[in-house]
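The structure appears right after this line, and notes come after that.
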Amino acid sequence: MLKPPCMTVVKYLLPAIRVLVMKDLIEKHKMRKIDASLKMELTPAAITQYFKGKRGHPLLEEIENSEETMKMISELTEFLANNNAPSENMMERLCGICTTIRSKGLVDNLHHKDKNL
């Protein structure tokens, strides 16, 4: 069965972005995990799993090596830390990050590997 690339995005890319945003909120902006979870509209349990490395790690290194993507993630984190962002605005920013990462072919490469598993 052929998996659409969006399944790979949800399975690998979104969790990796969440890991980076969460770490930035906690480390750079000195937020408590509970406050970061509220800002990100995630459960505290999900934040703990991201923090412990149980979610989002297959693409972390590739994303961290992209200066452009990390700048966008930093801007999203800054926005979250300093505002009560409406979900629509956060979604637009996430979509922009995803589009940038997809344009670099990272998701396509992972999608081809994942569909063979």
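Looking only at helices (runs of 4 or more DSSP H) that lie completely in the range 1-107, which have at least 1 residues being modelled with pLDDT of 85 or more?
Values: elements: 5-8, 14-27, 33-40, 44-52, 60-64, 67-82, 87-103.
Because the criterion is at least 1 residues that are modelled with pLDDT of 85 or more, the helices (runs of 4 or more DSSP H) in the range 1-107 that meet it are 14-27, 33-40, 44-52, 60-64, 67-82, 87-103.
Restricting to the range 33-59, give me the number of residues that are surrounded by 13 or more Cβ atoms within 10 Å (Cβ to Cβ) and among the small types (G, A, S).
4
Taking the condition exposed (fewer than 14 other Cβ atoms within 10 Å of the Cβ), out of contact with any strand residue (DSSP E or B) (no Cβ under 7 Å at 6 or more places or on another chain) and under 15 Å from T99 (Cα atoms), does E62 pass? Break it down into steps so the answer makes sense when it comes.
Numbers: exposed (fewer than 14 other Cβ atoms within 10 Å of the Cβ): no; out of contact with any strand residue (DSSP E or B) (no Cβ under 7 Å at 6 or more places or on another chain): yes; under 15 Å from T99 (Cα atoms): yes.
When the stated conditions are applied, E62 does not pass them.
Just to be sure I understand the filter: pairs with C-beta atoms under 7 Å, separated by 6 or more residues or on different chains, first member in the range 82-110 and among the small types (G, A, S), second member assigned to a helix (DSSP H, G or I) and at pLDDT 85 or above. Which pairs pass?
Filtered contacts from the range 82-110: A85/F79; G96/M72.
The values are calculated or read from the model by the stated rules, or taken from the named source; none is laboratory data. This one's a predicted model, so the numbers in the text were calculated from it and none came from an experiment. Please note: Cβ atoms are built from the backbone with ideal geometry, for glycine as well, and neighbour counts cover all protein chains shown.
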